[in-house]
Amino acid sequence: MSARIDLNADLGEGFGPWRMGDDAALLDIVTSANVACGFHAGDPDIMVETAAAAKARGVALGAHPGFSDLRGFGRLRIQESPRRIERDIAYQIGALQACAALAGARITHVKAHGALANLSNEDAAVADALARAVAGVDPGLTLVVMPGLAAERAGERAGLTLVREIYADRAYAEGGTLAPRDAPGAVIHEAQEAAARVVRMVGEGAVFTLGGRRIPVAIDTVCVHGDNPEAIAMARAVRAGLERAGFSLRPFPQSSARSSAAS
């Protein structure tokens, strides 16, 4: 494994006057931010403000598209055609590109959210819709994927630059997907436990399932969910643990994204 690693969080997940988590504190810890684009959370004010805050801290900025599901926070599996999914993702990427431009920033990557991400890991048609949307908006954008699953394969077919992600605060099912949130032990809440798991996974280049299976994978970035109540403590513990283990925390290498703010 490389001695370089990225630490990311899903941010900008409020709506109107309501805010989810402490984005400002997380932006002082992480090296990349994935910003909600208005479908599962977020609005133009939040997107512009989050983009500006990320730019001020040198944090890489990415789009975090999901299903149109504000009430369910993007965790409801919505049955839509691949064509609709592709267009909805492209729409959301474009929305964040525009808001980032107002903040003098640009987006460099895309990471799917919630039920959309889970489906893209399981369903080749959904995965291809995600990859087509990213490549269609800007083939220079990096796609963040879980390793060994359908979204990774779709990104490879589309010729996209890929970044492989593991999760600090989620456990894994036997097939390498995330365990359902309602499964015992699926969500990790204790910061030091999460940090120890991450250091082991990154150090060994593998994820470990709830059943004890070891799955070798490539790892480029680690996610801490911003909506986890323990997110700040967990992000600090994960970062400190990785640094003690000899890893340098930096944004993953960016490809030549052509956002409107870069033109």
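With coordinates expressed along the principal axes, the C-alpha atoms belonging to the range 1-91 extend over 40, 39, 19 Å, beginning with the largest. With 0.36 nm allotted per residue and the present C-alpha distance subtracted, the ARG71-ARG200 stretch has 42.8 nm of extension available.
Close amide H partners of CYS223, meaning residues 5 or more places away or on another chain with modelled amide H under 5 Å apart, are ASN8, ILE166, TYR167, ALA168. Computed over protein heavy atoms with a 1.4 Å probe, the carbon and sulfur contribution to the accessible area of the range 1-130 reaches 53%. Computed on the chain, the Cα convex hull volume stands at 109 Å³ per residue. Around the Cα centre of the chain, unit charges on the Cβ atoms of Lys, Arg, Asp and Glu (plus for the first two, minus for the last two) sum to a dipole of about 500 debye.
Between the range 96-135 and the range 40-64, the C-alpha centres lie 14 angstrom from each other.
Amide H to amide H distances under 5 Å link ALA179 with ALA171, TYR172, ALA173, where only residues 5 or more positions off or on other chains count and H is placed in the peptide plane.
For the range 116-132, 3J(HN,Hα) computed residue by residue from phi via the Karplus equation (6.51, -1.76, 1.60; θ = phi - 60°) reads 5, 5, 4, 5, 5, 7, 10, 10, 4, 5, 5, 4, 5, 4, 4, 5, 5 Hz, glycine and proline entered as x.
Pop out the Kirkwood hydrodynamic radius of the range 172-249 from its pairwise C-alpha distances, inverse of mean 1/r, in Å to one decimal. Evaluated on the range 172-249, it is 13.0 Å.
Charged neighbours of ASP45, selected by a Cβ distance under 14 Å, balance to -3 (K, R count +1; D, E count -1).
Its Cα gyration tensor gives the range 115-245 an equivalent ellipsoid, and the semi-axes of that ellipsoid, as √(5λ) in whole Å with the largest first, are 26, 16, 14.
The values are calculated or read from the model by the stated rules, or taken from the named source; none is laboratory data. Everything numeric here is computed off the predicted structure, so don't read it as measured data. As a convention, Cβ positions derive from the backbone with ideal geometry for all residues, glycine included, and neighbour counts pool all protein chains shown. The accessibility values were calculated without ligands, DNA or RNA, using every heavy atom of the protein model including side chains. Shrake-Rupley method; radii C 1.70, N 1.55, O 1.52, S 1.80 Å.
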